[in-house]
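Structure first, commentary second.
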């Protein structure tokens, strides 16, 4: 009996083990190398997405990456695409701008918010959770994506002059994963 195919081995509880016992010969081991999976992984289509309608990256990251039919969008804060500065008006305006930015990145892949399957929300203050949700609901029609939300100690300084209550330069960040038709 030959070694298990790598795909089946990945379903086993200890799939990370590179060697498995083989009934081929007593005491013998055969390697079902994960390298056999690499041709499949490397044949995936990868495309870097960017748009001038969302703020340009302020670090070594892309606005979005499309791998086959899955779109990964980098976290967005409420930065104005023209000035690169954080919008004024507090949390509600920041969330609106961040989600508008996400919408523009979605458009570059021919998507909209209905394609989003997972979101991660980072809040500087978890007490802003309800206000964030009020804005968030305006961007998603129908069913909502899976989501995680966390309070974090700080968010990246995004080039805006910090307000006394916003030493970190932003109050929320939002990232998305979308399925592409």
Checklist entry - Where in segment 68-104 does the label zone of residue 140 land, with the point 7 angstrom along Cα→C-beta and an amide N cut-off under 19 Å? => result 70-78, 92-104
Checklist entry - Stretch residue 107-residue 62 to full length: gain in nm at 0.36 nm per residue minus the Cα-Cα span? => result 14.7 nm
Checklist entry - Order of 150, 136 from fewest to most other C-beta atoms within 10 Å? => result 150, 136
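Any chance you could run the full-extension gain for residue 48 through residue 69? It's 0.36 nm times the residue separation minus the Cα-Cα distance, nm to one decimal. Walk me through the numbers before you get to the answer.
Working: separation 21, 0.36 × 21 = 7.56 nm, distance 1.29 nm.
Gain on stretching residue 48 to residue 69: 6.3 nm.
Any read-out appearing in this document is the output of simple, stated calculations on the displayed coordinates, not a laboratory observation. No experiment lies behind these values; they were computed from the predicted model shown. So basically every Cβ, Gly included, is an ideal-geometry build from the backbone, and we count neighbours across all protein chains shown.
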